[in-house]
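Inspection log for the structure reproduced underneath, given as structure tokens.
The values are calculated or read from the model by the stated rules, or taken from the named source; none is laboratory data. A quick note: this is a predicted structure, and the numbers were derived from the prediction, not measured. All Cβ positions, even for glycine, are placed from backbone atoms using ideal geometry, and neighbour counts span all protein chains on display. Quick note on the areas: whole protein, heavy atoms, side chains included, nothing else; ligands and nucleic acids left out. Shrake-Rupley method; radii C 1.70, N 1.55, O 1.52, S 1.80 Å.
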Amino acid sequence: MISTFPTNNCIDLSQIRLEIRSLQSRLVAWRRRFHQRPELGFQERLTSEFISQNLTEMGIKHQTGIAKTGIVATIEGTHPGRVLAIRADMDALPIQEANDVSYRSQHDGIMHACGHDGHTAIALGTAYYLSQHRDTFKGTVKIIFQPAEEGPGGAKPMIEEGVLKNPDVDAIIGLHLWNNLPLGTLGVRSGALMAAVECFRARINGRGGHGAMPHQTVDSIVVSAQIINALQTIVARNVNPLDSAVVTVGEFQAGHALNVIADSAKMSGTVRYFNPALEDYIGKRIEEIIAGVCQSHGATYELEYWRLYPPTINDARMAELVRSVALDVVETPAGVVPECQTMGGEDMSFFLQEVPGCYFFLGSANPEKGLAYPHHHPRFDFDETALAMGVEMFVRCVEKFLR
Ligand code: NI
């Protein structure tokens, strides 16, 4: 048993692995239980109850009802020291599951299609392991079970309710199961990992009329077409080419008959970027383009623009700590991949704005077993072998950070 070693200078790493691997069947059972009963953001009532019940059985102190359904568990080492937080998100998506598996979703129209069921199981497994090995770290581990990552976002309200205080958190880590990487690999990088997410909705007001008499109208579709094209120049001609950004118009609605010029048109879309300096810039350019094109055609507009999540930016020192642990866990340098940036967004970013930390990807795709569908796909599933690897990453990060 590891607990027979007096200090963690003497910890046998292969012993940690063996002990964590022995938790695999329990991790799978938890994950499948969460998978069968998925819940949408801020409605994770069953999930939260199950976590709380298990933490109680493990003898772990925890607080429930933070930001509605969130939980923070506190595990103290046998000696005082720093405080490391581990964050896991718990929410599912409004997707009808298309997988025919024994553990398929029992909640109609709701599915764990992003792997947050796995994140919750990994966090619970980590809590269990650490509660059994309090003598392997100095200080405190706070495990944050967060609601509503898929939107509108549970990280911010949890921070506002004080999860990073009392005791004050020194650093934070978190992971995402990642089907863009094969099982057995980890995506770890310093700096920007995931993009900022901003959203807009615009209504273009023209003047409708007869399809054969355009001179009597202001054609909202023609105006909108010019706007949509011109919006592409923000990334192509305004943003520094060395900065990555995206402007996507994902919805467009106008008109109802082939011989009628549409009175108004609606469009909505999303903006992504890594560089925090772009925070107010792209939204400002969108409004300038919409206003300018409308003015040149005698149309008017209404625009709503809002910021959802900032970019997810890893601290260099915490990323180095996670990378060194990852190298031990995968045992081959090629298995730790820094080329893992994505324009997807994450509200882990709010935690990383408050304290230094590192968010990383845990490779979970296994095409040979048919487990390689992308996240948010109705057939999404991942290789559950990754669960024990996730626990091992967290445990070893704890033991390294709280040495
Ligand atoms: Ni996700």
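Examine segment 359-382 for a residue that is in the same structural domain as residue 88 (by TED's automatic domain parsing) and under 15 Å from residue 84 (Cα atoms), and state whether such a residue exists. First the steps, then the outcome.
Start the filter on segment 359-382 by keeping residues that are in the same structural domain as residue 88 (by TED's automatic domain parsing), which leaves 359-382.
Add one more test, that the residue is under 15 Å from residue 84 (Cα atoms), and what stays is 359.
Yes, segment 359-382 contains a residue that is in the same structural domain as residue 88 (by TED's automatic domain parsing) and under 15 Å from residue 84 (Cα atoms).
Counting only strands (runs of 3 or more DSSP E) that sit wholly inside segment 151-208, those with at least 2 residues that are farther than 30 Å from residue 264 by Cα are 171-182, 191-194. Criterion applied to 188, 293 was being among the aliphatic types (A, V, I, L, M), within 30 Å of residue 324 (Cα to Cα) and modelled with pLDDT of 95 or more, and the one residue passing it is 188. Just one of the listed residues (206, 191, 153) is buried (at least 19 other Cβ atoms within 10 Å of the Cβ) and more than 30 Å from residue 293 (Cα to Cα), namely 153.
Where residues in segment 252-266 are in a strand (DSSP E or B) and in contact with a Gly (Cβ under 7 Å, 6 or more places away or on another chain), which of them is most open to solvent (accessible area, probe 1.4 Å)? Break it down stepwise before answering.
Within segment 252-266, the subset in a strand (DSSP E or B) is 252-254, 260-261, 264-266.
Applying the additional criterion that residues be in contact with a Gly (Cβ under 7 Å, 6 or more places away or on another chain) yields 260-261, 264.
Details: 260: 61, 261: 18, 264: 29 Å².
Out of the qualifying residues, it is 260.
Do we find that residue 180 is without any contact (Cβ under 8 Å) to a residue 24 or more places away in the chain and either aromatic (Phe, Trp, Tyr) or assigned by TED's automatic domain parsing to the domain that holds residue 365 (or both) in this structure? So residue 180 does not fit the description; no. The single condition from (1) within 28 Å of residue 17 (Cα to Cα); (2) more than 14 Å from the chain's Cα centre (by Cα) that residue 275 fails is (1). For residues in segment 293-333 being without any contact (Cβ under 8 Å) to a residue 40 or more places away in the chain and not hydroxyl-bearing (Ser, Thr, Tyr), which is nearest to residue 84 (Cα to Cα)? Step by step, filter segment 293-333, then rank; the result is 317.
Only one entry of 342, 332 meets the criterion of being away from the ligand (no atom under 16 Å from the Cβ), assigned by TED's automatic domain parsing to the domain that holds residue 116 and of a type in the set (Ser, Thr, Tyr), and that entry is 332.
Annotation: of all residues in segment 94-118 being hydrophobic (A, V, I, L, M, F, W, C) and in contact with a helix residue (DSSP H, G or I) (Cβ under 9 Å, 6 or more places away or on another chain), the one that is farthest from the ligand (Cβ to nearest atom) is 101. Within segment 371-387, residues that are over 13 Å from residue 32 (Cα atoms) and within 16 Å of the ligand (Cβ to nearest atom) have Cβ atoms under 7 Å from residues that are of a type in the set (Lys, Arg) and at pLDDT 95 or above in these pairs: 373/379, counting only partners at least 6 apart in sequence or on another chain.
Among the residues of this structure, residue 395 does not count as one that is among the β-branched types (Val, Ile, Thr), within 19 Å of the chain's Cα centre (by Cα) and away from the ligand (no atom under 15 Å from the Cβ).
In summary, strands (runs of 3 or more DSSP E) completely within segment 53-116 and bearing 3 or more residues that are open to solvent by less than 20 Å² (accessible area, probe 1.4 Å) and touching a residue at least 40 places away in the same chain (Cβ under 8 Å) occur at 70-76, 79-89. Of the residues examined, residue 222 is one that is open to solvent by 60 Å² or more (accessible area, probe 1.4 Å) and of a type in the set (A, V, I, L, M). Taken together, 126, 140 contain a single residue that is surrounded by 24 or more Cβ atoms within 10 Å (Cβ to Cβ) and hydroxyl-bearing (Ser, Thr, Tyr), which is 126.
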